[in-house]
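Student: My structure is below; once you've seen it, I'll send some questions.
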Amino acid sequence: MTISTRTVIRPDLLLDVVTGELLADRAVVVDGDRIAGVVAAGDAPAEGPAFVDLPGQTVLPGMIDCHTHLVGEPDSGHGYAELLARTGAQEALSGARNARDTLLAGFTTVRDVGTFRAFVDVALGDAINQDWVPAPACGSRERT
């Protein structure tokens, strides 16, 4: 028996970013981890898929952040002294937390522009790409 990996998401509204309109009565059909299409709610497959109903919610495309620093703490006003007092492990763990929070905020892709701490950003990018950390898709810098 094959288990269906198809999911149909039914929000109250769907943002069409091409037209700028909020559309009612739409369904997003997802096959595995890919969006297969957006259809009228009445045209969604009736058998086989799992359904996720989102009453009162609006679905929009994932956002992209082209300049982010996932590693480290937000600026606390203490400058570089605080950065130097933190270990590489603390930086990596805060990066994992920041990556998860970024994903939960609706960003599906980020471009991490790095950190001064030796390759913590590269290690975080590797962990994201290996699905060890829930995070947006992330490009990490190549080691030279």
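The values are calculated or read from the model by the stated rules, or taken from the named source; none is laboratory data. All of these numbers come straight from a predicted model, not from anything done at the bench. Here Cβ is always computed from backbone atoms with ideal geometry, including for glycine, and neighbour counts include all displayed protein chains. With ligands, DNA and RNA removed, areas are computed over all heavy atoms of the protein, side chains included. Shrake-Rupley method; radii C 1.70, N 1.55, O 1.52, S 1.80 Å.
Student: Near the amide H of GLN57, under 5 Å away, which other amide H atoms are found, from residues 5 or more places off or on another chain, if H is placed in the peptide plane?
Tutor: Under 5 Å from the amide H of GLN57: ASP12, LEU13.
Student: Continuing with this model, one more query. What FRET efficiency do you get for THR109 and ARG6 if R0 is 30 Å and r is their Cβ-Cβ distance, rounded to the nearest 0.05?
Tutor: Approximately 0.80, to the nearest 0.05.
Student: If you roll a 1.4 Å probe over the stretch 1-118 with all protein chains in place, what percent of the accessible area is carbon or sulfur?
Tutor: Answer for the stretch 1-118: carbon and sulfur cover 58 percent of the accessible area.
Student: Helix-derived [θ] at 222 nm for the chain: sum -39500 (n - 2.57) over DSSP H runs of at least 4, divide by residue count, nearest 500?
Tutor: After summing the helix terms and dividing by the residues of the chain, the value is -7000 deg cm²/dmol.
Student: Based on the Kirkwood radius over alpha-carbon pairs, what is the Stokes-Einstein translational diffusion coefficient of the stretch 1-42 at 4 °C with 1.567 mPa s viscosity, in µm²/s?
Tutor: The diffusion coefficient I find is 116 µm²/s.
Student: Please list, ordered by chain and number, the residues whose modelled amide H lies under 5 Å from the amide H of VAL71; skip anything fewer than 5 residues away on the same chain.
Tutor: none
Student: Oh, and also: Can you compute 3J(HN,Hα) from phi for each residue in the stretch 127-136, using the Karplus curve 6.51 cos²θ - 1.76 cosθ + 1.60 with θ = phi - 60°, rounded to whole Hz and x for Gly and Pro?
Tutor: 5, 5, 5, 9, 6, 7, 10, x, 6, x
Student: In vacuo Debye scattering of the chain, one point per C-alpha: log10 I(q)/I(0) at q = 0.10, 0.11, 0.16, 0.21 Å⁻¹?
Tutor: At q = 0.10, 0.11, 0.16, 0.21 Å⁻¹ the computed log10 ratios are -0.48, -0.57, -0.90, -1.18.
Student: Still on this structure: With charges set only on the Cβ (+1 for Lys and Arg, -1 for Asp and Glu), what does the dipole of the stretch 1-137 come to about its Cα centre, in debye to the nearest 20?
Tutor: Roughly 220 debye for the stretch 1-137.
Student: Among GLY56, ALA99, ILE9, whose Cα sits farthest toward the positive end of the charge dipole of the chain (+1 at Cβ of Lys/Arg, -1 at Cβ of Asp/Glu, about the Cα centre)?
Tutor: Checked the options; the winner is ALA99.
Student: Additional query: Taking H as built 1.01 Å from N, whose amide H comes closer than 5 Å to the amide H of ALA36, not counting residues under 5 places away?
Tutor: VAL29, VAL30, ASP31
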